[in-house]
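Each remark here refers to the structure printed beneath this line.
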Amino acid sequence: DDINLFSHIKATIKMLRTSVALAVVASAAAFNAPSPMALRPSATRMSMSCQQNNMAKVAAASAALLVAAPAFAGDFDEGEKIFNANCAACHAGGQNSVVADHTLEKAAIEKYLTGGFKEESVVTQVTNGKGAMPAFGGRLTDEDIANVATYVITKSGEGWD
């Protein structure tokens, strides 16, 4: 299981690097250098400097957007089905029948879940387990776990009532 997780992490990093590289190339290709004939020599130097500055800004922004995009955007409805079949025995209605204060309410997730209130943190918890919670990494697919994480974070944000 650790080998599969490591392979998955390596593949994700490789995909992110490729995406960032493509974003940089695409953003650089979007700029057309002004014709040097149309500008005075001093203006050409200034324009090229501005263009390079703009390209760097767009490339950085593109890379930031790619990295900041949620890595886990699961399906809420599928997550609900998987939650009800696998998690509701202990976490019905966002509660916790084993450790009462470690509920799935937003405030409790922010306080107790390693990594805080985000899908990635729920994925880690569900995959690896912790304390009284068993690991589901060997029982559920990565897609199932991502769907559960989407469901949990969405319901916690909205309130479980």
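Descriptive notes on the structure:
- Screening the candidates Thr141, Thr150 for the property of being in contact with a Gly (Cβ under 6 Å, 6 or more places away or on another chain) and within 20 Å of Ala73 (Cα to Cα) yields one hit, Thr150.
- Near pairs, Cβ below 7 angstrom, 6+ apart or cross-chain, from the stretch 137-161 (surrounded by fewer than 15 Cβ atoms within 10 Å (Cβ to Cβ)) to any residue that is in a helix (DSSP H, G or I) and not aliphatic (A, V, I, L, M): Thr154/Phe76; Gly157/Lys106
- Within the stretch 100-112, being open to solvent by less than 30 Å² (accessible area, probe 1.4 Å) and either of a type in the set (A, V, I, L, M, F, W, C) or touching a residue at least 60 places away in the same chain (Cβ under 8 Å) (or both) holds for Leu104, Ala108, Ile109.
- Residue match in the stretch 118-126 (condition: of a type in the set (Ser, Thr, Tyr), open to solvent by less than 40 Å² (accessible area, probe 1.4 Å) and over 15 Å from Phe76 (Cα atoms)): yes
- Selection status of Gly93, open to solvent by 70 Å² or more (accessible area, probe 1.4 Å) and in contact (Cβ under 8 Å) with a residue 12 or more places away in the chain: no
The values are calculated or read from the model by the stated rules, or taken from the named source; none is laboratory data. Note that the structure is predicted; figures quoted are calculated from it, not measured. Reconstructed Cβ throughout: ideal geometry from the backbone, glycine too, with neighbour counts over all protein chains shown. With ligands, DNA and RNA removed, areas are computed over all heavy atoms of the protein, side chains included. Shrake-Rupley method; radii C 1.70, N 1.55, O 1.52, S 1.80 Å.
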